[in-house]
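The values are calculated or read from the model by the stated rules, or taken from the named source; none is laboratory data. The structure presented is a predicted model; accordingly, all values stated were derived computationally and were not measured. For neighbour counting, all protein chains shown are included, and Cβ atoms are generated from backbone atoms with ideal geometry for every residue, glycine included.
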Amino acid sequence: MNILIVDDELGLREILKDIIELQMDCNVHTASNGQEALNIVAKEWIDFVIVDFRMPIMNGFEFINQFSASNPKNCEAQIMLLSGFLEEVIPHLKNFPNVSPRTKPIDPDEILEFVSQKQEYVV
């Protein structure tokens, strides 16, 4: 399984990457913004995305839109959207059935549990 973590906070990216790689058999890619993430997606098949809502260059939903449009199979990827401001995120969710919102700060165990549960949906 290939996981992509997209967050402008270096510390969070690195902690999540380390925890996931230690606990799960998967490849973890990281990006500091949506454009970097799209560059990775152009080269790597991604099964699961953990993406921050508020980022420079493009926000989480802008990234999700471009990610989904870049390949029809990307619409099947499981996506966890992180935000400290869920009230900003919730109105957009009706357009994204494969997106699960989570509040920041997030417990790494919650991410591991979520990814483990979603592994069955990986194509």
Residues of the stretch 22-47 satisfying the condition of being under 17 Å from S68 (Cβ atoms) and surrounded by 15 or more Cβ atoms within 10 Å (Cβ to Cβ): A31, G34, Q35, A37, L38, I40, V41, I46, D47
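Only one of I3, I57 is out of contact with any Pro (no Cβ under 7 Å at 6 or more places or on another chain) and either within 17 Å of P97 (Cα to Cα) or surrounded by 16 or more Cβ atoms within 10 Å (Cβ to Cβ) (or both); which?
I3
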Please go through the stretch 68-91 and give me each residue that is hydroxyl-bearing (S, T, Y) and either in a strand (DSSP E or B) or in contact with a Lys or Arg (Cβ under 7 Å, 6 or more places away or on another chain) (or both), ordered by number. S83
Look at the stretch 1-15 and say how many of its residues are of a type in the set (A, V, I, L, M) and over 22 Å from S68 (Cβ atoms). 3
Filter result (at pLDDT below 85, surrounded by fewer than 14 Cβ atoms within 10 Å (Cβ to Cβ) and within 24 Å of N2 (Cβ to Cβ)) within the stretch 79-114: P97
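Scan the stretch 32-57 residue by residue and report those that are without any contact (Cβ under 8 Å) to a residue 12 or more places away in the chain and either outside any loop (DSSP other than H, G, I, E, B) or touching a strand residue (DSSP E or B) at 6+ places or on another chain (Cβ under 9 Å) (or both).
N39
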Do the conditions hold for N65, that is, is it at pLDDT 95 or above and in a helix (DSSP H, G or I)? no
Conditions: (1) farther than 21 Å from C75 by Cβ; (2) assigned to a helix (DSSP H, G or I). D8 meets all but one. Number of the miss? (2)
E76: surrounded by 13 or more Cβ atoms within 10 Å (Cβ to Cβ), acidic (D, E) and at pLDDT 95 or above, yes or no? no
